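Undergrad: First, the structure itself, so that you have it in front of you.
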Amino acid sequence: MDILYYLITACIALFMLLAMYDGIYLHVWKYQLHTREESYFEHKTHTIRAILFPLIVWLLVINNDPISFWIGIALVGVDLITLGVDAFSETDSRESIGGLPKWEYITHLFANGFHFAAIILVLATKVSITETGMMLSETFIPSSAKEVFDFVSVQAIPGAVLMAIIHFVLILPFGKRIWLKQRNKVTCC
């Protein structure tokens, strides 16, 4: 079981690094998708996914009760639908800036791959298939791998919440005004 916890931890960490680079640097800083009329819908889908991520981590990864598990699974479904809508809208959203660059597309592939691999691996630690059906595991064997996994999962929440707040504030008119005022003061990057 230790290998699963190490793999989940690696997937969550790699997803967060790629998502931060993509979501903050590329989408907010470099391309400022929230300020482009044609990209505004894409920014909204990113905001929904940014809000869903800490909820999924909290409910599906950190909590260990059946209600949290099923709500977490439902949110994963919403996340998948939102991802599909986002991917479908990106062609039109990025047309004015020459389309989605290949390297950013590759970043999206890897980030989402790590994101959903972590979810599948979490399910492997929480679900048992028996002759009578599916059961949620209620027993967790303490190990250093599980401790690392728990630590990283809990540490993911503040950064993920901050990313969700930033995305949400940039939907609001006053958030855009503040962003543009402050962003125009910086001449690098």
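The values are calculated or read from the model by the stated rules, or taken from the named source; none is laboratory data. Note that the structure is a prediction, hence the values are computed from the model and not measured. Cβ coordinates were reconstructed from backbone atoms using ideal geometry, including for glycine residues, and neighbour counts include every protein chain displayed.
Undergrad: Of LEU83, LEU55, which residue is under 19 Å from GLY159 (Cα atoms), modelled with pLDDT of 95 or more and touching a helix residue (DSSP H, G or I) at 6+ places or on another chain (Cβ under 7 Å)?
TA: Answer to the selection: LEU55.
Undergrad: In the list ILE165, ILE171, ILE178, which residue meets the criterion of being modelled with pLDDT of 85 or more, under 24 Å from the mean Cα position of the chain (by Cα), in a helix (DSSP H, G or I) and surrounded by 10 or more Cβ atoms within 10 Å (Cβ to Cβ)?
TA: Values: ILE171 fails: in a helix (DSSP H, G or I); ILE178 fails: under 24 Å from the mean Cα position of the chain (by Cα).
Checking each option against the conditions leaves just ILE165.
Undergrad: To continue, here is another question. Go through the range 58-69 residue by residue and tally those that are touching a helix residue (DSSP H, G or I) at 6+ places or on another chain (Cβ under 9 Å), assigned to a helix (DSSP H, G or I) and farther than 15 Å from ALA118 by Cα.
TA: The total comes to 2.
Undergrad: Shifting gears a bit: ALA50: of a type in the set (Gly, Ala, Ser), out of contact with any Lys or Arg (no Cβ under 6 Å at 6 or more places or on another chain), within 17 Å of LEU170 (Cβ to Cβ) and assigned to a helix (DSSP H, G or I), yes or no? Walk me through how you get there before you give the answer.
TA: Values: of a type in the set (Gly, Ala, Ser): yes; out of contact with any Lys or Arg (no Cβ under 6 Å at 6 or more places or on another chain): yes; within 17 Å of LEU170 (Cβ to Cβ): yes; assigned to a helix (DSSP H, G or I): yes.
Spelling it out, ALA50 is indeed of a type in the set (Gly, Ala, Ser), out of contact with any Lys or Arg (no Cβ under 6 Å at 6 or more places or on another chain), within 17 Å of LEU170 (Cβ to Cβ) and assigned to a helix (DSSP H, G or I).
Undergrad: Take the residues of the range 1-31 that are among the β-branched types (Val, Ile, Thr) and buried (at least 20 other Cβ atoms within 10 Å of the Cβ): which is nearest to ASN184 (Cα to Cα)?
TA: It comes out as VAL28.
Undergrad: Please find, among LEU17, LEU100, the residue that is of a type in the set (A, V, I, L, M), free of Cβ contacts under 8 Å to residues at least 24 places away in the same chain and in a helix (DSSP H, G or I).
TA: Within the list LEU17, LEU100, the selection yields LEU17.
Undergrad: Which residues, counting only those in the range 144-189, are of a type outside the set (A, V, I, L, M, F, W, C) and within 25 Å of ASP2 (Cα to Cα)?
TA: Answer for the range 144-189, where residues must be of a type outside the set (A, V, I, L, M, F, W, C) and within 25 Å of ASP2 (Cα to Cα): SER144, LYS146, GLU147, ASP150, SER153, GLN155.
Undergrad: Taking MET135 and the conditions (1) in contact with a helix residue (DSSP H, G or I) (Cβ under 8 Å, 6 or more places away or on another chain); (2) surrounded by 10 or more Cβ atoms within 10 Å (Cβ to Cβ); (3) modelled with pLDDT under 85, which numbered condition does it fall short on, given that it satisfies the others?
TA: (1)
Undergrad: Moving on to the next point. Out of the range 39-75, which residues are in contact (Cβ under 8 Å) with a residue 40 or more places away in the chain and touching a Leu at 6+ places or on another chain (Cβ under 7 Å)?
TA: Correct list: SER39, GLU42, HIS43, ILE56, PRO66, PHE69.
Undergrad: What number goes with the only condition from (1) modelled with pLDDT under 95; (2) over 23 Å from VAL152 (Cα atoms) that ASN64 does not pass?
TA: For ASN64, the failing item is (2).
Undergrad: Among the residues that make up the range 79-95, is at least one of them surrounded by 19 or more Cβ atoms within 10 Å (Cβ to Cβ) and among the basic types (Lys, Arg)?
TA: yes
Undergrad: Kindly provide the set of residues from the range 103-151 that are part of a loop (DSSP other than H, G, I, E, B) and free of Cβ contacts under 8 Å to residues at least 60 places away in the same chain, ordered by number.
TA: GLU131, THR132, SER137, THR139, PRO142
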